[in-house]
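Every read-out reported here was derived from the displayed coordinates using simple, explicitly stated rules and does not represent laboratory data. Note that the coordinates shown come from a computational prediction; the quantities given were computed from them, not determined experimentally. Don't worry about glycine lacking a Cβ; one is built from the backbone with ideal geometry, like all the others, and counts go over all protein chains shown.
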Amino acid sequence: MSVIDHIELPVADAEASRRFYEAALEPLGLSLVVSIGPARTAHGGARLGFGRGGYPSLWFHEENGSRLPVHVAFSAGERKAVDAFYEAALTQGGSDNGAPGIPERYHPNYYAAYVLDPDGNNIEAVCQAE
């Protein structure tokens, strides 16, 4: 069983985040599972649930106000998925925060790419296999 059941992050624009994450997470095997309109949420903003196998383990909720960015690292089964994540994220409005490669500060099998999402969150895809 996974240590984390789900993660939920605030975003400023649910539609921009939907486009960004659908493209960026597809190479990692994650897709949009649930989309809830603002009329059906407690806080009045849209909610998006992404996951694998029909279970939404990554949630985004639309929210106004200022906040600090977060860092989320997604596991990739192979290095080419990290590369595809990076390219898809940049295509959908993400900003480069570290091109695919092995950061010297980590171990030699830590192959990662970093992008900033539309809200400035640091999103990483990492493959730690040889």
**Q.** Whichever residue in the range 1-26 is in contact with an Asp or Glu (Cβ under 8 Å, 6 or more places away or on another chain) and of a type outside the set (Gly, Ala, Ser) and, among such residues, is nearest to residue 120 (Cα to Cα)
**A.** 11
Q. Only one of (1) among the hydroxyl-bearing types (Ser, Thr, Tyr); (2) within 26 Å of residue 12 (Cβ to Cβ); (3) not in a strand (DSSP E or B) is not met by residue 114, so which one is it?
A. (3)
Q. Residue 99: of a type in the set (A, V, I, L, M) and part of a strand (DSSP E or B), yes or no?
A. yes
**Q.** Scan of the range 56-74 for residues that are free of Cβ contacts under 8 Å to residues at least 60 places away in the same chain and surrounded by 12 or more Cβ atoms within 10 Å (Cβ to Cβ), ordered by number
**A.** 56, 57, 58, 59, 60, 61, 62, 63, 67, 69, 73, 74
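Take residue 48 and tell me if it is in contact with a helix residue (DSSP H, G or I) (Cβ under 6 Å, 6 or more places away or on another chain), surrounded by 20 or more Cβ atoms within 10 Å (Cβ to Cβ) and not β-branched (Val, Ile, Thr).
Working: in contact with a helix residue (DSSP H, G or I) (Cβ under 6 Å, 6 or more places away or on another chain): yes; surrounded by 20 or more Cβ atoms within 10 Å (Cβ to Cβ): yes; not β-branched (Val, Ile, Thr): yes.
Judged against the criteria, residue 48 is a match.
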